[in-house]
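The values are calculated or read from the model by the stated rules, or taken from the named source; none is laboratory data. This structure is a prediction, so every number in the text was calculated from the model and none was measured. Neighbour counts are summed over all protein chains in view; Cβ atoms, including those assigned to glycine, are modelled from backbone coordinates with ideal geometry.
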Amino acid sequence: MWSAADLTKAVGLRPAAENPKGSAMLTVSEDAKAHLATIMNENNVPDEYAIRLVAGPQGIGLSPDQPKETDETFEHDGKTVLVVEPALNEQLAGRTLSVEQSEQGPRLNIA
């Protein structure tokens, strides 16, 4: 299975009210959605699952999980590839999940 190391940049979270960009939720680039789909395909993540952003003591991580009714969902080619619970989505308001290239290959980044 894949590890949370695919998301390499820890994010300093702030409540949405303090977020200077003022967006109501996390934005996910098309490249990031495609990269998440690739991760799912390469690791045989079941069709009824997506990748969930999770907040932990080390920052933001990734975990395969089934979407919940209250989740914000992001799709790529008609398939849900990312789910975010409402509270975390509020904390990430105004930020963008994107892909940046590194020496080790593409990496997800939240800025």
Practice problem: Taking Thr80 as the residue in question, decide whether it is touching a residue at least 24 places away in the same chain (Cβ under 8 Å), of a type in the set (Ser, Thr, Tyr) and not in a loop (DSSP other than H, G, I, E, B). | Solution: yes
Quiz item: Looking at Val45, is it among the hydrophobic types (A, V, I, L, M, F, W, C), outside any helix (DSSP H, G or I), more than 13 Å from the chain's Cα centre (by Cα) and crowded, with 17+ Cβ neighbours inside 10 Å?
Solution: yes
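So which residues in the stretch 62-77 are touching a residue at least 24 places away in the same chain (Cβ under 8 Å) and under 20 Å from Asp31 (Cβ atoms)?
Leu62, Glu72, Phe74, Glu75, His76, Asp77
Table: residues versus (1) modelled with pLDDT of 95 or more; (2) of a type in the set (S, T, N, Q).
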site	(1), (2)
Asn43	no, yes
Ile51	yes, no
Glu75	yes, no
Glu90	no, no
Ala93	no, no
Quiz prompt | Subset of the stretch 56-72 [surrounded by 13 or more Cβ atoms within 10 Å (Cβ to Cβ) and either among the aliphatic types (A, V, I, L, M) or not in a loop (DSSP other than H, G, I, E, B) (or both)] | solution = Gly59, Ile60, Gly61, Leu62, Ser63, Pro64, Asp65, Glu72
Quiz item: Do the conditions hold for Val11, that is, is it modelled with pLDDT under 85, surrounded by 15 or more Cβ atoms within 10 Å (Cβ to Cβ) and either touching a helix residue (DSSP H, G or I) at 6+ places or on another chain (Cβ under 9 Å) or closer than 14 Å to Ala87 by Cβ (or both)?
Solution: yes
Exercise. Of all residues in the stretch 14-41, count the ones that are part of a loop (DSSP other than H, G, I, E, B), among the aliphatic types (A, V, I, L, M) and either within 12 Å of the chain's Cα centre (by Cα) or modelled with pLDDT of 85 or more (or both).
Key: 2
Quiz prompt | Flag for Leu53 being in a strand (DSSP E or B) and touching a Phe, Trp or Tyr at 6+ places or on another chain (Cβ under 8 Å) | solution = no
Practice problem: Scan the stretch 73-111 for residues that are of a type in the set (Ser, Thr, Tyr) and surrounded by 17 or more Cβ atoms within 10 Å (Cβ to Cβ) and report the count. | Solution: 2
